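First up is the structure itself, then whatever we jot down about it.
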Amino acid sequence: MTSPRIVDLRLLPSAGSAWAATAVGIGFGWRAATWFAVFALVAAAAAFGFRGRAPAVTTTVIAALLIGAGFAVATATRVHAVDTHPLAAIAQRGGDATLTAVVADDPRAVRGPTGDTVMVRATLRSMSAGRDTLDVGGTVLVFARGEGWRDLLPGSTVRFRGRAGESDRADLTVAVVRASGSPSVTSGPPWHQRAAGYVRDSFAEASSRALSDDAAGLLPGIVVGDTSNLPQPVSDDFTAAGLAHLTAVSGANVSILLGVVLLLTRAAALGPRTSAAVAGVALLGFVVLARPSASVLRAAAMGAVVLLAMVVGRRRQAMPALGGAVVALLAWWPELGVSFGFALSVAATTALVLIAPHWARRWQRRGWPRPLAEAVAVAVAAHVVTVPIVAAMSGTVSTVAVVANLLVAPVIAPVTVIGATAAVGAAVWVPLGEVAALTTGPPLWWLLRVAREAAGVPGASLAVPSGAAGFVILAGVVAAAVAAVAVRRLRLPALAVAVGLVVVWVPIRILAPGWPVPGWVLVACDVGQGDALVLAAGGGSAVVVDAGPDPRAVDGCLDRLGVRTVGAVVLTHLHADHVDGLSGVLHGRSVAQVVTGPMHLPEPVYEHIRELAAGDGVPLTTVHAGQVLTVGAVTLRVLGPTLPAPRDPDDADGAANDQSLVMAVDTVAGRILLTGDVEVPGQRDLLRDGAQLGADILKLPHHGSRTTTPEFLRAVGARLVVVSVGADNTFGHPNPGILRTLQELGATVARTDLAGDVAVSRSGGGGVAVTYRRGTIDP
């Protein structure tokens, strides 16, 4: 057995210092970055005095500190430029502006209020507000509707008008802009982006012709990171199973690409420098094709460093390449310093280089076959290192990720290689790509089957605290687990703890309590980024308030609750994330009526609802503020909307949230206030009108967005706040500031993105009990 190679770690302190400086500046502001630079320079000066005692170590430390100081100054400059940007000033007051910008990435469909919303990241070129036109830079995040946005390619220059708002994102985004109307394309994308778009479209077409919908959406995701056609249920399964990384292009894709290219250049008897040049061109083309996401950039930068080492004849090692890649990428794209995707990519690569080989050799010495030892070491090392980051990012941890990754590992390389062949073939002639894509059917079936079965295991995804708390807790758990395995004296206590978890914790947290919870009053269904709430109406019937964005999601929730009779479906307003699931409520159930608020705009949405209801013979009714709706044991008092509805259909989208039905329901668990997506104007109007807003339980408006006022929350005074929100949503919901306000008010917060379905009932002591499918909390 070969002895382990000494790993060169000298660049890692510099990479860590650059990363820390960038993250501090973006996360805490330009003043914090300035102080970071000062402390780093002082520390470097102090270390300079010790250079004679340990010159190698001291030189590495001084270099890291100086690099950190330089990055801190650069980040402070960039953050200050964002803070003082003229568009940021307009965003603070919610003003309009006309912008010219270059599209930076493919438009992504998101679960927007009206169902056809896309999110586009763009780089500003100029802006006009009033009579002034300014040449400006900076990044904006655009939310827009219409086909004119959906088909844009990166590199296109567009001019559009929109309303600017402050960004909730902790990066260098200047503002979030909600575009009004279609964009005016002033110049098309460059040739290489047109070529990449053609290849991606041809590959997607070939996949859709050859494969099932699920497989056709998955194959482009694995090969080139194109998840635009990946069905949401498949995406959810891969996330729960810990396989989501397969749809994000990573180092494995780049390694396969460079390996194939270098083999071909060797067969052609090309020299090292020519081979490196050819591989470099192929690598650059792949980055354009796969789009420069965090993992793609990290993998490509490491590949570029390796190719440079080939040219200069230096020994190639992964860790110096990784350190150099981190420093270079943060210098060019500082926003990567606060990117979870970048952190996951770097952490996983570090684990595969530093930890997995050591564990594999150790297990081989104990008699494991080499292929098994290496496969398990890779899966376990990557999972162990990334678990704290995943917890901080999503508030969930997959318990089946290691096993799922081991099961799919044999098919990943064949799918990637054959899929790449299909992409090239489709670019030449779509039927040619179709033939190649057809051969990926069996391995893709296996991937989908493993993801589905793993996601369906009870407790496959566990809720944990998100943010810094989740990171610290999971990092501590992982460190304790690794220490327990490594230290012989700790193994017996660790085994006892594991047995205790299996015997006690697993049945309590996964198998019990049963579902539905006896005596439930309100259930917030986990339907993703949207609302679907169920009120028990007695006799096994229920009132459904909003239907979420997906018929399957709300249908599944009602099935789990055993609801077959619905006394009323109340749609608070006509946005897609509240009404698109209506057919799932109507399917296979007896529904007495569908109820809407006074505003029937957007008119096409209302007509669609009317057709659905008429098709099932369900009457459609309208309620206004001041009315009382009694359904079985449930009495809903309509408090709002109190703002006048717009008459112009063009104003419907902007006014729809404040036209949400706001209703109070008295139950055995206390008074519940249901608020739809009512925002600041609607909330203030309710306060001015003296509406009886006080409640024990609040459904937080608009999924916890920042458009809720502290005055409204204080007026409600709820002990329990339920947030219906989608995991990993692109809107930053729920807003951290709103959560802090609720914490200051002493409210308990229950979130569907962290807990799945949330049930509210009366506790044994007469208070409120909140039950997840994983446990109970008595606030």
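The values are calculated or read from the model by the stated rules, or taken from the named source; none is laboratory data. Predicted model, so just to flag it, every value in this text is computed and none were measured. So basically every Cβ, Gly included, is an ideal-geometry build from the backbone, and we count neighbours across all protein chains shown.
Of the residues making up the stretch 49-65, those that are of a type in the set (A, V, I, L, M, F, W, C) and at pLDDT 75 or above are Ala56, Val57, Val61, Ile62, Ala63, Ala64, Leu65. Residues in the stretch 526-535 that are outside any strand (DSSP E or B) and either modelled with pLDDT of 95 or more or within 18 Å of Ser763 (Cα to Cα) (or both): Asp531, Ala532. In the stretch 262-295, the residue that is farthest from Trp333 (Cα to Cα) out of those that are touching a Ser or Thr at 6+ places or on another chain (Cβ under 8 Å) and not polar (S, T, N, Q) is Arg266.
Asp213 meets all of the listed conditions (1) out of contact with any strand residue (DSSP E or B) (no Cβ under 7 Å at 6 or more places or on another chain); (2) in contact (Cβ under 8 Å) with a residue 24 or more places away in the chain but one, namely (2).
Scan the stretch 334-348 and tell me whether some residue there is outside the structural domain of Pro734 (by TED's automatic domain parsing), in a helix (DSSP H, G or I) and more than 26 Å from Thr730 (Cβ to Cβ). For the stretch 334-348, residues outside the structural domain of Pro734 (by TED's automatic domain parsing), in a helix (DSSP H, G or I) and more than 26 Å from Thr730 (Cβ to Cβ): absent. Screening Leu574, Leu643, Leu601 for residues that are assigned by TED's automatic domain parsing to the domain that holds Gly538, in contact with a Phe, Trp or Tyr (Cβ under 7 Å, 6 or more places away or on another chain) and either not in a helix (DSSP H, G or I) or not hydrophobic (A, V, I, L, M, F, W, C) (or both) leaves exactly one candidate, Leu574.
Listed by position, the helices (runs of 4 or more DSSP H) contained in the stretch 671-761 that have at least 2 residues being under 26 Å from the mean Cα position of the chain (by Cα) are 736-744, 752-755.
The set of residues in the stretch 220-240 being closer than 17 Å to Leu344 by Cβ, modelled with pLDDT under 85 and of a type in the set (A, V, I, L, M, F, W, C) consists of Ala240 alone.
Contact annotation: residue pairs with Cβ atoms under 6 Å, 6 or more positions apart or on different chains, pairing a residue in the stretch 663-676 that is buried (at least 23 other Cβ atoms within 10 Å of the Cβ) with a partner that is of a type outside the set (A, V, I, L, M, F, W, C) and not in a strand (DSSP E or B), are Thr675/Pro701; Gly676/Thr572; Gly676/His573; Gly676/Ser660. Of the strands (runs of 3 or more DSSP E) lying entirely inside the stretch 93-198, those containing at least 1 residues that are within 27 Å of the chain's Cα centre (by Cα) are 96-103, 117-129, 139-145, 157-165, 173-179. Per the conditions (1) free of Cβ contacts under 8 Å to residues at least 60 places away in the same chain; (2) under 18 Å from Ala409 (Cα atoms), the sole criterion not satisfied by Ala301 is (2).
Beta carbons closer than 8 Å, at least 6 apart along the sequence or on distinct chains, pair a first residue in the stretch 17-40 that is without any contact (Cβ under 8 Å) to a residue 40 or more places away in the chain and more than 12 Å from Ala76 (Cα to Cα) with a second that is of a type in the set (S, T, N, Q) and part of a helix (DSSP H, G or I) for Ala40/Ser17. Can you find a residue in the stretch 348-365 that is modelled with pLDDT under 90, in contact with a Ser or Thr (Cβ under 8 Å, 6 or more places away or on another chain) and buried (at least 21 other Cβ atoms within 10 Å of the Cβ)? Scanning the stretch 348-365, I find at least one residue that is modelled with pLDDT under 90, in contact with a Ser or Thr (Cβ under 8 Å, 6 or more places away or on another chain) and buried (at least 21 other Cβ atoms within 10 Å of the Cβ), so the answer is yes. Would you confirm, using the coordinates I've provided, whether Ser202 is in a helix (DSSP H, G or I), in contact (Cβ under 8 Å) with a residue 24 or more places away in the chain and under 21 Å from Trp429 (Cα atoms)? Yes, satisfied.
Residue by residue, here is whether (1) outside any helix (DSSP H, G or I); (2) modelled with pLDDT of 95 or more holds:
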| position | (1), (2) |
| --- | --- |
| Val482 | no, no |
| Pro493 | no, no |
| Leu501 | no, no |
| Trp515 | yes, no |
| Leu522 | yes, yes |
| Ala537 | yes, no |
| Cys557 | no, no |
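Within the stretch 165-178, the set of residues being at pLDDT 90 or above and small (Gly, Ala, Ser) comprises just one member, Ala175. When the stretch 144-185 is filtered for residues that are of a type in the set (Ser, Thr, Tyr) and under 25 Å from Leu289 (Cβ atoms), the ones remaining, listed by number, are Ser156, Thr157.
For the structure I just gave you, tell me whether Val760 is at pLDDT 90 or above and out of contact with any Lys or Arg (no Cβ under 8 Å at 6 or more places or on another chain). Yes: the conditions hold for Val760.
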